[in-house]
Amino acid sequence: MGVPGFGRREKSLANVEAFRDKPLPLPVTIALWAVAAALLGMMLALTGVAGLFVLGTPALLILFAACAARFPAFLMGASIVLLGLFPFSWGWQSDVVPKLFGDETLLLLYLAVFPFLYLTGKRSWQPGFRRFYLVLAVFLCLQALSFAVGSDLIALRNFFETYVLGALLLVLFLQEAANSDARVLGKVVIGVTVGIAILSILERIFLRNPVMENEPNYISPELARVAEGVYRPYATFFYPSEAGSFMGLGVPFAVSSWLKRRSLWSTLWLLILAGGIIVNATRGAWLGLLVAGVLALWSSRLLLAALISSSALAGWLGYFLLKDTAFMQRVMDPQDLLIRFEMWKVAAKVFLAHPFLGVGHMQFAQVYLDFVHEVSDIAHFDFGEIIVADNLFLTTAAEHGLLGLAALVVFLLFAALLLRRFRRLLERSGRIEQAGFIRCCELALVIYVVSGCLADVHLFTKLTKFVFVLIGLGLGVGVRSRPGSRNPALLPDETFSREHSGQR
């Protein structure tokens with residue numbers, strides 16, 4: 001005897017399965033999709049742009065996270081390309097979030113999905129940087145203290161885009177480079193800086209670079225209007241001083257590539273990069289490259305003497321051949337340097353009057369005229385038109401005080417020493433290629449610091465973020481390649497894996 005009701009339930013389940021397998025008639029399917037689309041449209045009509053964000057943001061983040069999990073080197077390279085070559089003013093203005101600039105899009109997406117890559121096990125978090133992260137956190141904290149003294153919207157935006165976002169990018173690229181072979185990004189750095197050099201040369205040929213013809217106007221109401229109320233210290237594609245310094249950071253990578261390959265292409269890229277830096281006429285970048293060259297050749301006295309001699313000879317020849325051109329007249333004009341000396345003295349006075357916290361980030365322009373009591377008889381200029389100190393360290397001292405200056409110096413020294421430590425460790429273990437990559441990052445940091453002695457490079461958002469990225473890449477390559485790493489995800493290549501498997 002069967003179980004009561006079992007047959008009826010079995011028949012009912014069979015009917016349900018048959019209904020599921022039977023496709024809906026086409027008119028019904030169209031009607032259902034039309035109703036769903038209408039409901040979605042009405043919801044978006046009620047919510048506006050916010051509804052688009054609610055629907056599109058999760059899907060975009062999931063898609064980007066999947067790509068980042070599979071292709072980290074590609075996305076890191078694409079982020080650097082976008083940072084360097086995407087015009088700053090192009091972006092999307094909405095009523096939901098502040099204006100999103102195109103050059104930061106991939107970087108912000110990467111930061112958004114970064115925690116989930118490690119929480120889901122797609123990445124292995126690389127330890128061993130607690131003291132460095134502590135120094136970085138203290139650096140940000142002490143820099144931010146100046147906002148208790150004075151601030152405005154432009155200063156806040158600039159601080160978050162340079163130091164805060166830069167620090168986050170340093171950690172991001174350090175960890176991502178430690179989990180993937182990031183040496184290919186050296187080629188990306190070369191490509192981006194060569195691209196800027198090509199644009200600089202074309203601008204000089206066809207548009208006449210305005211820095212050759214006019215006195216630069218740094219922070220003006222016109223510049224604020226161009227940037228739509230947000231201070232970004234370059235007026236069109238790049239501000240000339242930033243473009244020169246940005247290109248300078250790529251020179252160590254281009255020279256390293258040429259030394260390894262000696263090919264026609266590597267020679268051509270190096271010549272284009274040199275041409276872009278020359279026509280850009282950023283003397284801080286020239287000085288930075290000279291100091292970096294001396295440091296790179298310090299162990300080889302013969303090559304160092306050849307570098308100094310050839311640089312002096314090229315300088316004299318350039319002067320005699322081009323002394324009547326606007327380019328050489330600007331380069332040799334002592335007025336610009338004298339103006340800098342005067343502004344440096346004013347910055348020192350501002351610092352001595354506000355020694356602990358300074359006057360506030362980017363507030364030097366608001367107070368410096370109170371400290372101008374006389375105009376130099378040597379440097380004839382209007383103090384009202386020159387409103388920056390043109391020195392990374394003096395500006396930091398004046399705007400962030402002794403605490404901010406000490407934090408900046410400690411951070412830069414700590415990063416440089418850490419890069420040097422990894423490089424020497426890899427050199428001793430015979431990993432010359434990885435050590436060479438870290439050396440390029442070291443020299444790029446040197447160029448940035450030396451350029452900062454003649455410009456407020458920390459206010460240049462593209463350049464400062466690029467420096468943080470290069471520091472992170474150098475540290476990531478170093479920790480990935482160091483001998484004795486037990487994490488298979490951190491082994492740099494099959495050769496290193498075989499070496500350690502043989503030791504075991």
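The values are calculated or read from the model by the stated rules, or taken from the named source; none is laboratory data. Just so it is clear, the model here is predicted, and its values are computed rather than measured. Virtual Cβ from ideal backbone geometry, glycine too; neighbours counted across all protein chains shown.
Yes/no matrix, rows are residues, columns are (1) under 22 Å from Pro72 (Cβ atoms); (2) in contact with an Asp or Glu (Cβ under 7 Å, 6 or more places away or on another chain); (3) surrounded by fewer than 22 Cβ atoms within 10 Å (Cβ to Cβ); (4) modelled with pLDDT of 90 or more:
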| position | (1), (2), (3), (4) |
| --- | --- |
| Gly404 | no, no, no, yes |
| Arg420 | no, yes, yes, yes |
| Leu426 | yes, no, no, yes |
| Ile438 | yes, no, no, yes |
| Val457 | no, no, no, yes |
| Val467 | yes, no, no, yes |
| Gly476 | yes, yes, no, yes |
* Which one is nearest to Gly452 (Cα to Cα) among residues in region 313-348 that are at pLDDT below 80 and of a type in the set (D, E, K, R)? -> Asp336
* Filter result (in contact with a Gly (Cβ under 6 Å, 6 or more places away or on another chain) and either among the charged types (D, E, K, R) or farther than 23 Å from Phe173 by Cα (or both)) within region 122-156 -> Leu142, Ser146, Val149, Gly150, Ser151
* Return a yes/no flag: does region 70-89 have any residue that is of a type in the set (A, V, I, L, M, F, W, C), modelled with pLDDT of 75 or more, farther than 29 Å from Gly195 by Cα and assigned to a loop (DSSP other than H, G, I, E, B). => no
* Is region 96-105 home to any residue that is within 30 Å of Ala197 (Cα to Cα), surrounded by 13 or more Cβ atoms within 10 Å (Cβ to Cβ), modelled with pLDDT under 90 and polar (S, T, N, Q)? -> yes
* Asked: How many residues are β-branched (Val, Ile, Thr) and within 15 Å of the chain's Cα centre (by Cα) when one looks only at region 178-205?
  -> 6
* Output the qualifying pairs, or none if there are none: Cβ atoms under 7 angstrom, residues six or more apart or on different chains, first residue in region 413-436 and under 20 Å from Ala292 (Cβ atoms), second residue of a type in the set (Phe, Trp, Tyr) and part of a helix (DSSP H, G or I). => Phe414/Phe132; Leu418/Phe132
* Residue under evaluation Asn214, criteria (1) at pLDDT 70 or above; (2) more than 30 Å from Leu268 (Cβ to Cβ); (3) surrounded by fewer than 20 Cβ atoms within 10 Å (Cβ to Cβ), criterion not met -> (1)
* Structure fact -> Selection from region 118-157 of residues under 22 Å from the mean Cα position of the chain (by Cα), over 12 Å from Phe411 (Cβ atoms) and part of a helix (DSSP H, G or I) yields Ala144, Leu153, Ile154, Ala155, Leu156, Arg157
